[in-house]
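Okay, structure first, notes after.
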Amino acid sequence: MTREQMLARQNEILALARAQGRALTDEEKKEFDSLQRELDALNASGTSGHVSHRASEDDDDEENSDDEDGDAEEDTQKALKAERTRIRQIEDMCRDFGMESRSFVDRGASVEEVRAAVIEHMRKQSAPIGAGFTVEDEADKLQRAAVDALLMRSGIVVKNPAKGAEELRGMSLRDLAVECLAAEGQSEKKLRRMSNDDLYTELCRQYYNPSAAFPAIMDQTIKKGIVELYNKVPTTFQEFTTKGSLSDFKTTPDHEYVIGGVGDFLKVPENGEIHPDKPRTELLPQRKIDTYAKQFSMTRQAFINDDIGFLTEVPGLYATAAKKTIDKQVYSLLFNNSTIYDGTALFTSAHKNHISSGAAKGKPTQATIQGTILQMQKQTDQFGDPIYMTPKAIVVPVGYEFDLAVIFRSAQVTGSANNDVNPLYNYPLKVVQSPLLNALAGENACPWFLVADESSARGIQVDYLNGQETPTVRRMEAPGTLGFVWDIWLDWGISVRDFRGIVRNDGVAL
């Protein structure tokens, strides 16, 4: 039997089953697979016209073009692949909803028919059916698997990767593009014959197609990679600041009731009158957020060079830069002693939160730390009432970590001849260190800070638009740019909520 005859017979088997609205019988499958094995043997041996036992066929059959043979064989393979996909999707849906799949498969039911049957089954079982009910199709599964595969290939740990991710892990961007376009109906044979440049051009045509798989896979990979890498940035501002949320970009004044503003309770004599009271208010700082953004693109060269690392490394760099920008702004506010809501510097003698001279000034030691704690605990609120202040963290430049470990973990005062008890032993202060303070100070004196628990005073707060802490990424159109383009942005604002929550010690040069 010639190649053409084998392909024709395979098509005849598929056409008969399709016309009768059923799946292949066991005998038909056996014959189809036997023919396929012979075709595979022809391909492996390089023989163009016949199997070995038919070597005496007419020369006219041998003169058929390779392209015609290839196209017929490709059509057969696509039909077989479609049939297997139909069966697999039906079996998956029926298994997920406790239904028998065999009858649907045997009578040749379409995936849409089975999906409708699933919904009817759920209705009869009185199960809730949401308006957005969907059954994950093969395209969704491919996208989920491809995203996890790209993340793993770029070195990001993925917990519980999607089914099929391991198989796709070794694919190049070109292979993945071919897989996506073929799944959407294009000829895989023609796609594989394309140059990298032509294939990239084909992908760009689908840039704004909402159902296109390849751009969606890149979007999801970038977004997941950004969240993963953003959370790993070793910034320290979040260790001693509070987090807030604003719903818009307008300047928002805080006009709050302060607990000390209600005054003391008054004694009421027998049959006496209870006098009405009105809490006093204090206008606290205004808060405002701004947008910070960058734009990046996946160039034609990156695709041709199979630069998969781009999908996580480059966006990750921008996400890292966003978080480091917040870190730098917070520490610059502390170091530069910026003007705050009351029109004066954050740290001043009037605010009673600045140690710039005296015995308490200097590098962190048992004596200077105790002096700084006492300075904080003497604070009063806006109405002159004392605040029950609880220190939370000590913020220092790099260089004091080991000295502080000795100070807070030694039961006796270091160097004491009388083994005096160390009052700072196991004192509940979190040590936060940052090289930003070193960089800002240079060769000059480097300050350190004591921060109160937010229940005592809020100190510095970082606000985000609607509480969104991680950057947002969106694919954008950029005229004149040859490549896939994304915008990445994050909305935040930094404000001093209460100067009483922070004490600055000017320290010494390191």
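A few remarks follow.
- Test: Lys361 is among the charged types (D, E, K, R) and surrounded by 13 or more Cβ atoms within 10 Å (Cβ to Cβ): yes
- Extreme residue, farthest from Asn231 (Cα to Cα), among residues of segment 136-178 that are β-branched (Val, Ile, Thr) and open to solvent by less than 50 Å² (accessible area, probe 1.4 Å): Val178
- Considered as a group, the residues in segment 229-238 that are assigned to a helix (DSSP H, G or I) and open to solvent by 60 Å² or more (accessible area, probe 1.4 Å) include one that is nearest to Leu333 (Cα to Cα), and that residue is Gln238.
- Scanning segment 461-480 turns up one or more residues that are open to solvent by less than 50 Å² (accessible area, probe 1.4 Å), closer than 23 Å to His351 by Cα, in contact (Cβ under 8 Å) with a residue 12 or more places away in the chain and more than 23 Å from the chain's Cα centre (by Cα).
- Assessment of segment 303-310 against the conditions (under 22 Å from the mean Cα position of the chain (by Cα) and assigned to a helix (DSSP H, G or I)) yields at least one matching residue.
- If the condition is being in contact with a strand residue (DSSP E or B) (Cβ under 8 Å, 6 or more places away or on another chain) and at pLDDT below 80, then segment 458-490 contributes Met476, Glu477, Ala478, Thr481, Leu482, Gly483, Phe484.
- Residues in segment 104-115 that are surrounded by 12 or more Cβ atoms within 10 Å (Cβ to Cβ) and part of a helix (DSSP H, G or I) were compared, and the one that is modelled with the lowest pLDDT is Asp106.
- In segment 371-380, the count of residues that are open to solvent by less than 50 Å² (accessible area, probe 1.4 Å) and closer than 24 Å to Thr325 by Cα is zero.
- Residue check for Gln220: at pLDDT 90 or above and part of a helix (DSSP H, G or I): no
- Pairs are defined by a Cβ separation below 7 Å, a sequence spacing of at least 6 or placement on different chains, a first member in segment 154-177 that is in a loop (DSSP other than H, G, I, E, B), and a second member that is polar (S, T, N, Q) and surrounded by 18 or more Cβ atoms within 10 Å (Cβ to Cβ); the pairs so defined are Ser154/Thr312; Ile156/Thr312.
- Test: residue in segment 322-335 that is open to solvent by 10 Å² or more (accessible area, probe 1.4 Å), part of a loop (DSSP other than H, G, I, E, B) and touching a residue at least 60 places away in the same chain (Cβ under 8 Å): no
- Segment 344-360, residues that are touching a residue at least 60 places away in the same chain (Cβ under 8 Å) and assigned to a strand (DSSP E or B): His354, Ile355
The values are calculated or read from the model by the stated rules, or taken from the named source; none is laboratory data. Here the structure is a predicted model, which means the values were calculated and not measured. So basically every Cβ, Gly included, is an ideal-geometry build from the backbone, and we count neighbours across all protein chains shown. Surface areas here come from the heavy atoms of the whole protein model, side chains and all, with no ligands, DNA or RNA. Shrake-Rupley method; radii C 1.70, N 1.55, O 1.52, S 1.80 Å.
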